[in-house]
Structures are given as structure tokens and as C-alpha cells.
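Note sheet for the following structure.
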Amino acid sequence: MQQLASIASSQLEKQIRRISAVVLALVSAETLINATLQVSLRDPVPVVQIGLFALFVVMSIAGLWLNLGVTWLNLHSMSVFILIWMAPMGVLDLQELGPEGRPWIWWSIGLTVILVGVFSSDLYARLYLPAVSASWLVVQIVTFGEDRLLQASLDSAYFLIFALAVIGLVGVVRQAAARVDSANTEAIQSAIANAKVEAFEKERQKIDALVHDQVLHSLLVAARASSPSEEKSAQLSAENAMRSLALASKNVTQTEFVTSSALISAIAFAAKSLDSRVQVDVPVDSTFNVPSEVAKGITEATIQALDNAIQHSLAKEITLHMLADFNSQLTVIIEDDGLGFRVDRIPRDRIGIKTSIQFRLTSIGGAAEITSKPGDGTLVKLVWPVD
């Protein structure tokens, strides 16, 4: 089943990224404070270490907040791994750290392994977590001696256990969001299926009318025929009725369309289930048949436009207006009062406008028009077929 709804998962991922960015900023600030207290700022080696650490942290925070991918986060995690081995080199006096003291990079290790487990690929996370844990244990023993064995072992176990617990919790929440999206998708698909059933039933009603108007009339004419000419006329009438009945039955069995009214009702139902801000306006209109492929394309494009508005516009109100006019043309308008954007410079997080809206409408013989500017909301107009 194609996933039409993804709002719950997308909103969750956005919140996880932004919370992670804030926590990373706070933890990194604490790490840098400890670094300046532990190292000699006159020594270029630790200064370069701290500088590179800060650079990767800043870029990782921006990447998480703006959803720019995990490249900078992976670079940050690699810098932390390297600094586990190098950080003791810049500490002013290792002995002054005492039996409980730790090199400054320790304050970033726990969060880093969590972020790798949550955002990076499974392979990278499976390699990184045990590598960091083992490296910390080895470096601590080599640097401070066997007296640090117990403390280093507890630290290493802490990195793994705490990280796995948080990663598991995030995984459970992600699965819950995915189930919500799957439920919404099933509801949308069910609504479309009901629209097809309505179209089927309308065709069945046509057959019933045909049976009543033509077939029964032909039988009545045949029953009353009293001369050869009347019998011939009755025979021709019956043959015509049977041909019409056969053709109508064939059309029913090959029905691949929905009615416009049923399609609009299905989309309206789906839209209302996505977000409470969505207001649906469906005026009284005409009813005509819409090919199933067209219905699918219009539904997908509408859901994508609504998804964009819900996730990215920060709108207070989102309006969905749908009309099936007497020229057998469908018009769908999605309008929001949100942030807006420059249409000639579509943001990275709204790339679905081109792929899932404009291209989708073009592929079914329709057209999509997007009107927007910063601070003035966005209007998406879908029309099928194109005049």
C-alpha cells in the first residue's frame, strides 16, 4: 500500500531533530567550558582540537535544526572518537584530575553516541557505539593506569546502556507515529475504495433502468405480437435490448472510474483527519465520472499539498476548496495563511511541490499552479483536465 499520509512521522522527526539540536548545544557548551579549564591555551595542539570540535558542533546543530542531513553529525562523531584518543595529550596535569576526574571530551561522548544511534545509518551506529566504548576503556587505562579500570569500565558500560535505552525509546515512538500514518493512509484508501463502489452502484442502477425500460418493453411487445410483422418488430426490439444490456454489463465489470462527488467526499474526509486547522469547503456541484488513475493522482497531489502546508507553513488556517463544475472539470484549491516562500526558489523541505504535485498533475492531463511569496501564505490550485 502506498503511504499517502506521513504527517505524524514528519512532525515527530522535526521535534526530535530540534530537541537534539538544543541538547547538543547545551552539552557542547559544558564540554567547551571544561576544555578551557583543563588544557593550556598556549599550546596550539589542544587549541586546534577545541576549535575543530566547536566547528563540527556548530555545523551539526545547524544540520539537525534545518534538516540538512547527517553529514556534519557524522563528522562531529568522528571528531569525538579521535579526541577520545588525543584529549589527554592536552590536559595540563592528568594527576590533578584525581581518581574521579575525566578528560574534557567525556562530557560529549554520551550524547554523541545517542545522536549517532538515532540519526545515522544502522551500520555506522553498530560500528560506532562499541568502538567508542572500547576506546574510552583502553585510553583511560593507558593514561591513568589499572587503578582507573573500574571507573573506566563503568563509563564504557554507561555509554552503551544509556545510549541503547534512549535509542530504543525513540524507536518505539517512531513506530507509533508510523502506525498513525498507516492508519490515516488506510482511511484515505478506504474512502477512495468507497468512491469506486459508489461509481459501480451507479452503473448497476443504469442497468436496472435499462432492464425496466428496454428489456421489459421488448418482452411486452413480443407477448402482444399477433402478426408476422409485429413478431419481426418484437424480435428486432429484443435483439437491440440484449445488445444494450450486454454492453452495459461489460462496462460495469470493467469499471475503472469514480464519481466526482464521491472523490471529493473521500478527499474531504482524508483532509479533516490530517489536522484540525484544515477547513473544507465543498459547494453543491455536478457529478461526472473520473478515471481511477486520475482520482488517484488528484488525491496524492492534494494530500501532498496539505502535508506541506501542515508541516512547513506555520499557518493558523488551511483551507481546502473543491469544485466539480458542469463542464466536467475538477478544481482543487489548497490555501494557507502561513510563512509563504519564493516559488522560483523552492526550499529543500518543500521539494515535494515539484515531484508530488506538479509532475503528478501533469502525468494525468491536469495542471498545478502554485502562488506564494514570503509572509503572504501559499495557494496551490489543481485542475483536471486542462482546458
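Okay, here's what the table says:
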| read-out | value |
| --- | --- |
| Vicinal HN-Hα couplings computed from phi for segment 330-339 (Karplus, 6.51 cos²θ - 1.76 cosθ + 1.60; Hz; Gly/Pro x) | 9, 10, 10, 10, 10, 10, 10, 9, x, 5 |
| Length-normalised contact order of segment 258-384 in % [C-alpha pairs under 8 Å, at least 6 apart] | 26 |
| When segment 7-181 is reduced to its Cα atoms, the Kirkwood hydrodynamic radius in Å | 16.8 |
| Cβ-Cβ FRET estimate between Met59 and Asp325, R0 fixed at 45 Å, reported to 0.05 | 0.30 |
| Sorted by Cβ density within 10 Å, fewest first, the residues Leu32, Leu111 | Leu32, Leu111 |
| Fewest-first ranking of Arg174, Arg102, using other Cβ atoms within 10 Å as the exposure measure | Arg174, Arg102 |
| Length added when fully stretched, Lys316-Ser276, from 0.36 nm per residue minus Cα-Cα | 13.4 nm |
| Proxy reagent accessibility, fewest Cβ within 10 Å first, across Ser313, Ser273 | Ser273, Ser313 |
| Segment Val138-Arg18, extension gain: residue separation times 0.36 nm, minus the distance between their alpha carbons | 39.8 nm |
| Stokes-Einstein diffusion coefficient of segment 258-384, Kirkwood radius over Cα pairs, 25 °C, 0.890 mPa s, in µm²/s | 170 |
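Rule-based calculations on the coordinates, nothing more; no lab input. Note that the coordinates shown come from a computational prediction; the quantities given were computed from them, not determined experimentally. So basically every Cβ, Gly included, is an ideal-geometry build from the backbone, and we count neighbours across all protein chains shown.
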